[in-house]
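Working notes, structure below.
The values are calculated or read from the model by the stated rules, or taken from the named source; none is laboratory data. Nothing here was measured: the structure is a model prediction, and the numbers come from that model. Neighbour counts are summed over all protein chains in view; Cβ atoms, including those assigned to glycine, are modelled from backbone coordinates with ideal geometry.
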């Protein structure tokens with residue numbers, strides 16, 4: 001009986017972690033202490049946890065446009081306040097509410113960030129076409145609570161913020177939580193891919209120049225742009241690699257678990273995200289049998305200029321097709 005019980009426990013752990021052993025997940029390679037916060041963000045662990053809803057509260061009006069109204073909103077993610085911008089279409093609310101697009105921005109320096117930066121232009125187009133948009137600021141930005149002092153934890157918790165926001169959409173009487181899409185740009189694309197892999201939900205998603213390299217090379221690629229030439233993050237990554245299995249925190253390792261239709265846009269003149277990254281991402285998704293469309297704009301930059309209008313119109317068509325507008 002003792003042997004059978006032991007086998008049952010081992011089997012249970014294997015199932016809960018998607019076939020990874022506890023040693024794979026949290027056993028350090030070195031003798032340094034493991035940070036339980038970081039261990040909690042391994043994808044197999046995140047796939048098994050629950051994301052609890054909170055009330056999305058309207059704080060104040062930001063803009064009053066002919067076809068939509070913009071508001072500052074707040075909700076709780078793991079007990080901490082996160083702010084953001086909501087665009088609410090004008091007109092009669094559909095019987096089940098407006099379909100929703102979650103807007104996930106890329107990197108913006110905290111010193112210059114304001115609510116809506118990186119998302120407001122595309123969000124305006126979606127709102128004019130009948131979509132309620134929610135663009136979270138993330139912890140440490142806007143009116144949100146401060147982010148974790150550990151820079152890697154602060155990074156790893158962003159997909160969790162989106163997953164908690166998705167769980168909270170039903171608190172908005174104007175929103176149809178069954179009609180949900182995601183738009184992600186740059187590092188927001190990496191966050192969006194993480195959300196799809198963790199949730200394994202068929203949420204139609206569009207990605208603009210997504211950061212799609214394995215972790216931590218996806219971070220180290222950009223360190224030369226930082227004020228300290230990335231010395232702090234290089235140290236954090238070195239400590240991380242000595243204690244954890246990076247594969248378990250990397251979007252490239254879980255692409256086969258995506259169940260959503262995806263549309264990728266990439267500029268040929270993008271100086272931030274190389275076109276080869278998106279080429280590789282799309283190739284991997286197709287090999288895994290996933291539904292993916294790929295649009296390349298040979299002369300476009302990281303923000304898809306001068307093809308921005310064409311790209312966002314294609315996204316409206318994409319969401320209309322998959323969300324039944």
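Observations on the model:
- Criterion: closer than 24 Å to residue 159 by Cβ, in contact (Cβ under 8 Å) with a residue 60 or more places away in the chain and touching a helix residue (DSSP H, G or I) at 6+ places or on another chain (Cβ under 7 Å) - qualifying residue of 260, 242, 288, 311: 260
- Exactly one residue among 64, 78, 150, 145 is surrounded by fewer than 17 Cβ atoms within 10 Å (Cβ to Cβ), in contact with a helix residue (DSSP H, G or I) (Cβ under 7 Å, 6 or more places away or on another chain) and at pLDDT 95 or above, and that residue is 78.
- Qualifying residue in the stretch 40-47 (condition: touching a helix residue (DSSP H, G or I) at 6+ places or on another chain (Cβ under 8 Å), buried (at least 18 other Cβ atoms within 10 Å of the Cβ) and part of a loop (DSSP other than H, G, I, E, B)): yes
- Boolean, residue 308 is surrounded by 17 or more Cβ atoms within 10 Å (Cβ to Cβ), modelled with pLDDT of 95 or more and over 20 Å from the mean Cα position of the chain (by Cα): yes
- Long-range neighbours under 7 Å by Cβ, at least six apart or interchain, first residue touching a residue at least 12 places away in the same chain (Cβ under 8 Å) within the stretch 110-131, second crowded, with 19+ Cβ neighbours inside 10 Å and in a helix (DSSP H, G or I): 122/312; 125/312; 125/316; 126/316; 129/316; 131/319
Let's see how each residue does on (1) surrounded by 21 or more Cβ atoms within 10 Å (Cβ to Cβ); (2) part of a loop (DSSP other than H, G, I, E, B):
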| site | (1), (2) |
| --- | --- |
| 113 | no, yes |
| 116 | yes, yes |
| 124 | no, no |
| 138 | yes, yes |
| 154 | no, no |
| 162 | yes, no |
| 167 | no, no |
| 178 | no, no |
| 193 | yes, no |
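- In the stretch 280-305, the residues that are surrounded by 14 or more Cβ atoms within 10 Å (Cβ to Cβ) and assigned to a helix (DSSP H, G or I): 280, 281, 282, 284, 285
- For the stretch 246-279, filtering for residues that are surrounded by fewer than 17 Cβ atoms within 10 Å (Cβ to Cβ) and part of a loop (DSSP other than H, G, I, E, B) leaves 5.
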